Structures are given as C-alpha cells and as structure tokens.
Amino acid sequence: MTVPILDLSRSFGEIKPEVLAAMERIFDAQSFILGHEVKTFEAHCDSYLGVPEGSCVGCASGTDALLLAMMSCDIKPGDEIITTPFTFFATSGTAARLGAVPVFADVDPVTYNIDIQQAMTKITPRTKAFLPVHLFGQMTPVEGIISELHERGIMMIEDTAQAFGATRFADGGILRAGTVGDVGCFSFFPTKNLGGCGDGGMVVTRDKERADRLRRLRVHGSGTTYYHDEVGINSRLDAIQAAILDIKLSRLEAWNEERRKIADYYKLLFKTYDVQEFITAPVELAGNYHIYHQYVVRVREKRDALMEYLNAEGFGVRVYYPLPLHLQPCFAYLGYKAGDFPVSERLSREVLALPVFPGLKAEEQESLVSAMRKFFRK
Ligand SMILES: *Cc1c(COP(=O)(O)O)cnc(C)c1O
C-alpha cells in the first residue's frame, strides 16, 4: 500500500461541479483580477473570521500578505521583528526584504510555537513588531501579551498561513487565528487547509484605516488609478482563485473536523501498535482547536532512518523543517550560531510529518503505523 503525504484529488471530487461552473462564469465574464469574485470571497472571510466588514484584503500569496502587513506597520530598515526560527522561510524572509532584522526566540518543545516568555525578553527600543506563527495549525496563546506590546509601541503580526480556522478559547470567548493581533496573514497555497489552484493570500485587520491602506499597497500604493500615495507592490488575488477559495471555504469546517478525527485516530493507533515509547504525538494546548495543517510527531531516535524506511515502503512522510532559520546560510549575517536555540535545533532533528488530509482512509493510517512498529520492533 502506498499512502501519499497529501492527495488533494480526494476532496476535489466533492466540489468539482461547483468549481467548473464557477470557471465557466469567470471565463464568460473575462474579468480576472480582483473584482466581484474577490469582493465576495473577502466578505465571506470577514464573516467567517468574525471581523468587521472590509477587514479582509486578498493578495497574491502568503508571503506577500506578510510583506504587505509589515509595510502597513511602517517596518523600516533596522527595525527589529521578534519571531520564531522554527517555521517556513517566508516568515523571516519578508522582514529581511524590508531591511528589518529578524530577532529570534526559541520555541516551546510541546507546541513547537514561539516561547512567549523568551520572546518578551528580546524586546529592545528598536523592536517594531512581534511575529508569532501558528505552526502546523495550532494557535500560539498570544492574547495575554497584546496590551503589553501595545504599551511598548510594538505591533503584533500573526503568520496564520497554516491556521485558517484554528481557534482558541480564552478570556471567556473564542479567539480566531489571525484576528488576535493587529494584522493576520493567510496563505492559500494549494497545500494549505484552505488552498486555491495556484498562489493566493490574504491580510486581515480590524483597523479600517489599515485595511484601506492595504488595499492601496496591493495596487502599487494607488487609491485612484494612476495616482500613487505611496510606493506599494503588485499583489492581487485573482478571480479564479477567489471563486475556488469561496467554494472551499464552505467546506473548511467539515474538512478541519476530519483532520482532527485523523489526528485522534493516529493517537489511538500509537497505543494499539505500541510505539508510544518511540514517538511523541502532537499536543493540543488546553483551549485550543488545532486544525492539523500538519500532523507532526517527534521521533526520539533514528528519525532519518525511520523516514527512509517509510518512504521506501511507500509512505509519504516528511520533515518540516530540517534547518531552523537562524542557521540558514542567507541569515549568516545575523550572527547566530548552532546552540543558540536548542529546542528548535532538536526539533529539526526529531520531527516527522505524517499524512493528514480530508479523504485519508483509516486503513492507510493503520498500515502506516503498523510499518512504524515493524521498524522499531524488528
Ligand atoms: C506557506 C507559508 C507561508 C507563505 O505562503 P505562500 O503563499 O507560499 O507565499 C508563510 N508562512 C508560513 C508559516 C507558511 O506555512
């Protein structure tokens, strides 16, 4: 049996007729950039996320969402942005592109998310923003530090690329990933929980002025066509992406629920197949609604050998992420060295992502965990 790390075709079947109808509508209209389809999708995202009308601003990718968010916070060369080294590159790459300085704080070994206490010790007079990542689909509990950050003149930009639909129960209410800080950044890369058929992204902010500015920044800083208030970029969501995303948004809750069931079943299987002493299952923090963008376990020993064995047996398992950002060659100029962030470095040697996606079958999970058992108990 072969089990892929991800098979998008299994959930596409259910929406195919709707998608094809939307494509016909768009090609008949011959209107491809922004426009009606994008407005409709943005409005649906406003209500899904429970933010005021006009808060969601579509753009061309998750990377651009981060870049636009930083531009809307006036991030300038030399400004410091406190963030995690255990994430996808774009989180810090965008800061660097603006000449800002990524300042790393290590992550929590249980959730893989930034260690908030350590992050707070990194604040300096040059700190302009705090940039947590809700990694693998689980929210970082950042609600408690918002007021302190604001008192110190620091903005919070959430990298929500992996967490569309993740929530957290805190302060007596439901917090939605991307809406806790000043600006939230989403990616609609095809493999994300809400993914298009190409690149796409979105910025969300409750601040109306900032939302208006983001709408200008995505079209070269122009409010009125050919009149430019500031220098922006070209980063627009297109009609085809918006239409598909809008259809998928209506299924997102069910699909996220399915991912959670798959996660529960893995946990049971680790017990059933008696491999618990070799691996650590992901932990859902109290109050969190984890949406398992990735199902990432820790393998205490021989992670690489296990991965090789499973891949050879036909199981798609992968490592996110093999090299923390503070050790990336392109960030050598920041002056970090091995040993600076021991938790991130250890995770990069121990993590392994198992398949999790709508349509994954129980038998597939069973045969994967049974292969893990064979590896450990041969
Ligand atoms: C995917 C991702 C991004 C970038 O999104 P793109 O749409 O690929 O540009 C940024 N941050 C994280 C954590 C991601 O997973």
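The values are calculated or read from the model by the stated rules, or taken from the named source; none is laboratory data. All figures in this text were calculated on a predicted structure; none of them were measured in a lab. Note: ideal-geometry Cβ built from the backbone for every residue, glycine included; neighbour counts use all protein chains shown. Please note that ligands, DNA and RNA were not included when accessible areas were found on the heavy atoms of the full protein model with its side chains. Shrake-Rupley method; radii C 1.70, N 1.55, O 1.52, S 1.80 Å.
Quick rundown of the values:
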| quantity | calculated |
| --- | --- |
| Long-range lysine pairs (8 or more apart or interchain), the range 266-378, Cα under 30 Å | 14 |
| Solvent exposure of the chain as accessible area per residue, Å², 1.4 Å probe | 43 |
| Cβ crowding within 10 Å averaged over residues, with 131-143, 303-315 ranked highest first | 131-143, 303-315 |
| In Å, descending, principal axis extents of the Cα set of the range 220-331 | 65, 41, 33 |
| Sorted peptide list for 17-24, 102-109, criterion being average Cβ within 10 angstrom, highest first | 102-109, 17-24 |
| At least 20 Å along the helix axis (C-alpha) and Kyte average at least -0.5, DSSP helices within the chain | 9-29, 362-376 |
| Reduced Cα scattering model of the range 9-249, Debye log10 I(q)/I(0), q = 0.11 Å⁻¹ | -0.55 |
| Relative contact order %, the chain, counting alpha carbon pairs below 8 Å whose residues are six or more apart | 22 |
| Under 16 Å from the Cα of K248 - aspartates and glutamates, other chains or at least 8 residues apart | D7, E14, E18, E37, E42, D46, D199, D238, E257, E258 |
| Cross-link partners of K128 among aspartates and glutamates (Cα-Cα below 17 Å; sequence separation of 8 or more within a chain) | D74, D79, E80, E148, E151, E158, D159, D182 |
